[in-house]
Amino acid sequence: MKLNQLRYICEVARRDLNVSAAAEALFTSQPGVSKQIRMLEAELGVQIFERSGKHLTRITPAGVDILEAATRILEDVRNIRSIAEEHKDEARGSLSIATTHTQARHALPPVVKSFLQRYPRVSLHMHQGTPMQIADQAARGVVDFAIATEAIELFEDLVMMPCYKWNRSVIVPDGHPLLDKETLTLHDLASHPIVTYVFGFTGRSKLDNAFREEGLEPNVTFTATDAEVIKTYVELGLGVGIIASMSYSPERDTGLKAIDASHLFDHSVTNIGFRRGTYLRSYMYDFIRTFAPHLTEEVVHQAIEARSAEERQALYEELAPHLKEH
């Protein structure tokens with residue numbers, strides 16, 4: 001039995017039994033993956049996958065148990081390597097983060113700068129994607145940390161902790177009639193074309209819920225994943241923008257004005273998380289604390305130990321008063 005064989009069967013399972021997709025993710029060949037899986041099955045004397053011709057059709061009952069054990073073994077191998085690296089040199093290593101465009105562009109730069117000044121021998125790698133992609137990368141161990149706002153239900157396999165809360169601003173060109181409103185309302189917004197985030201990104205669900213509760217149907221004419229793109233199309237006159245307030249800068253966004261909309265929408269919470277069972281190196285704890293000062297090492301351990309939904313919710317509520325507005 002070889003570690004690569006265990007990696008192969010786990011990746012095939014994660015890729016919905018698509019051997020070609022697994023091989024591509026593992027940077028190897030499809031025939032090589034298939035051969036190694038058959039060799040492992042022959043050694044064990046049981047089938048891990050059922051087949052129809054050359055295609056895998058489902059995981060066998062024995063395969064379910066084997067995959068569960070293989071996942072634990074691969075996690076232990078990663079942790080052993082991390083422990084060894086920590087003892088060799090606690091200030092050298094790598095850190096990978098999966099997050100959205102908004103977090104990468106507006107929330108993380110000062111955190112990353114401060115962190116790398118303290119740990120110049122740690123290489124930091126940032127991956128940007130959708131909440132689903134972020135959750136998948138963290139769950140598979142492709143990245144160390146996931147940072148996201150939307151779709152936290154996708155992150156059930158991860159230890160997720162709240163970092164900060166934020167709200168939205170309406171972005172309009174200079175001279176727009178909405179700037180004359182004493183108090184902006186959802187009815188005011190619903191009368192204009194809206195340019196905002198793609199559903200599933202950066203607190204978009206809070207926006208949709210607010211309009212729905214008022215019985216309004218927003219005229220969303222253009223969506224994008226990045227606030228910079230949204231602002232560009234607001235400048236072109238496609239509509240009024242609704243973006244995270246942190247994404248607007250009066251110095252940088254000349255020609256645009258921001259109207260506070262925090263009274264219209266519930267605040268959103270950005271979370272950071274990692275796969276349960278991951279060995280966190282000392283600089284990883286430091287990164288978490290730099291990003292969210294209330295997430296001390298003790299609090300992180302509390303989050304790890306909170307296994308049930310009730311325990312996680314209780315910790316979440318305990319941390320809520322400590323969340324700062326971004």
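The values are calculated or read from the model by the stated rules, or taken from the named source; none is laboratory data. Predicted model only: the values in this text are computed from it and were never measured. Because the Cβ atoms are built from the backbone with ideal geometry, glycine has one as well, and the counts that use them run over all protein chains shown. Side chains are part of the model used for accessible areas, which takes the heavy atoms of the whole protein and leaves out ligands, DNA and RNA. Shrake-Rupley method; radii C 1.70, N 1.55, O 1.52, S 1.80 Å.
Numerical summary
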{"item": "Accessible area in square angstrom per residue, the chain, 1.4 angstrom probe", "result": "50"}
{"item": "Contact order normalised by residue count of region 221-326, Cα under 8 Å, 6+ apart, percent", "result": "14"}
{"item": "Student exercise, region 1-156 dipole from Lys, Arg, Asp, Glu Cβ charges, in Debye to nearest 20", "result": "540"}
{"item": "Built amide H within the under 5 Å cut-off of LEU95, gap 5+", "result": "SER123, LEU124, HIS125"}
{"item": "Listed peptides 305-312, 36-43 by packing density, highest first (mean Cβ within 10 Å)", "result": "36-43, 305-312"}
{"item": "Largest-first principal axis extents, alpha carbons of region 1-90, Å", "result": "50, 25, 20"}
{"item": "Residue among ILE288, LEU315, LEU3 farthest towards the positive dipole end of the chain, charges placed on Cβ", "result": "LEU3"}
{"item": "Ordering of 16-29, 93-106, 184-197 by packing [mean C-beta count within 10 Å, highest first]", "result": "93-106, 184-197, 16-29"}
{"item": "Unit charges at the beta carbon, dipole of the chain: most positive-side option, ALA84, VAL234, HIS106", "result": "ALA84"}
{"item": "Reachable lysines, given that their alpha-carbon falls under 28 Å from the alpha-carbon of LYS35 and they are not under 8 places away in the same chain", "result": "LYS2, LYS54"}
{"item": "The chain, accessible surface, carbon-and-sulfur percent (1.4 angstrom probe)", "result": "50"}
{"item": "Partner lysines for LYS165 [C-alpha distance under 20 Å; skip if fewer than 8 residues away on the same chain]", "result": "LYS206, LYS324"}
{"item": "Relative contact order for the chain, counting Cα pairs under 8 Å that sit 6 or more residues apart, in percent", "result": "19"}
{"item": "Loop-located trypsin sites (Lys or Arg not before Pro) in region 228-275, at most 15 other Cβ atoms within 10 Å (DSSP)", "result": "ARG252"}
{"item": "Using alpha carbons only: equivalent-ellipsoid semi-axes of region 40-171, gyration tensor based, whole Å", "result": "36, 23, 11"}
{"item": "Cβ-placed point charges (K, R +1; D, E -1), dipole of the chain about Cα centre in debye, nearest 20", "result": "1300"}
